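Any read-out appearing in this document is the output of simple, stated calculations on the displayed coordinates, not a laboratory observation. Fair warning: this is a prediction, and the values are worked out from it, not measured in the lab. We place every Cβ from the backbone using ideal geometry, glycine too, and count neighbours over all the protein chains shown.
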Number of protein chains: 2
Amino acid sequence: MTERSDDVAADPLSRVFSALADPTRRDLVARLAVGDATLSQLAEPYDVSVQAVSKHLRVLEDAGLVTKSREAQRRPVHLEAEVFDLMTKWIERSRQQAEQRYRRLDDVLADLPADVDPLPPAPPTTGANP
Amino acid sequence: MTERSDDVAADPLSRVFSALADPTRRDLVARLAVGDATLSQLAEPYDVSVQAVSKHLRVLEDAGLVTKSREAQRRPVHLEAEVFDLMTKWIERSRQQAEQRYRRLDDVLADLPADVDPLPPAPPTTGANP
DNA sequence: TCCGTGCTCAACCGATCGGTTGAGCAACAG
DNA sequence: CTGTTGCTCAACCGATCGGTTGAGCACGGA
């Protein structure tokens, strides 16, 4: 079924959400929000190997949440906060739709007799989407 | 059996982010934001099995993003938009810290001589980390 | 110059994930 | 009662994930 050979071709939104789904990664982001840091600095508090943290940083980098610059042999990591907007925009859109729906429901309720059923019988022929 | 509690003791934030990391799940949420729907309605547009969509809904349910009610043999699915706040709060906190950091950096730059190094040598023994 | 530090790459392992099929239960419809 | 519909549970499969160890490269300091 439609094999996507581009395994890394996940959409940006998926990458960001997925990157932030890991508590260690979220902690890294939180600490980077305070200020830039190097791998060894970042890895120090955790009891995992430096390589593991490096992998985490790469996931964050692939998601666009973080950038690394070159400075001698160090690679200071910097948080790119703009990517957050991608998420918040998506979230806000869904939330607003949901709220709009409540308003609409309110409207409908004001207009209805007494035979309300919150869910229509709904034969599967209802053109649900796309 | 009947172990309603999650054996996966992941924190709520991880569950929400992880649930939204899948495009199909995100699409489900977007459609549920428009209005409640049943499994078969939700599954219809996708070319995967109904069971797969049921699994997706369970993930969303475990994340608290969705609730199912009982209505005859149907289980209308309802979006619980409040859980979004968990994410937005976390995101906003990180973003605000990052912005605060820019202001602070501005302050520091105004106060410094010429010997500035944006990143300290940072020996691992110093409690330099946040 | 050689050594130590900082980081990355590669191979591997167990667990989880997204998907499948198949069976089975609960509630209508006839 | 017999089907049919709506959904869930269980077992299984391949891919990905988070972690490890080990090697290796690029600098800077003595």
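Measuring nothing but how far apart in sequence close Cα pairs (under 8 Å, 6+ apart) lie, relative to its length, the range B:12-80 scores a relative contact order of 37 percent. For A:Lys89, the lysines whose Cα falls under 17 Å of its own Cα, not counting residues fewer than eight places away in the same chain, are B:Lys89. Counting only lysines at least 8 places from B:Lys55 when in the same chain, those with an alpha carbon closer than 20 Å to its own are B:Lys68. Remark on B:Ala37: its backbone amide H falls under 5 Å from those of B:Val77, a criterion applied only to residues 5 or more positions apart or on other chains, H modelled at 1.01 Å from N.
With label points set 7 Å from Cα along Cα→Cβ, the inter-copy distances at A:Lys55 are 2.2 nm, sorted shortest first. Across the range A:64-76, coupling constants 3J(HN,Hα) worked out from phi with the 6.51/-1.76/1.60 Karplus curve, θ = phi - 60°, read x, 7, 8, 10, 10, 10, 9, 8, 6, 8, 8, 10, x Hz, and Gly and Pro carry x. Each other copy places its own label point for A:Ser69 at 5.5 nm from this one, sorted shortest first, where the point lies 7 Å along the Cα-to-beta carbon line. In terms of overall dimensions, the C-alpha atoms belonging to the range A:12-81 reach 33, 25, 21 Å along their principal axes, ordered largest to smallest. Listing A:Arg70, A:Arg15 from fewest to most neighbouring C-beta atoms within 10 Å gives A:Arg70, A:Arg15.
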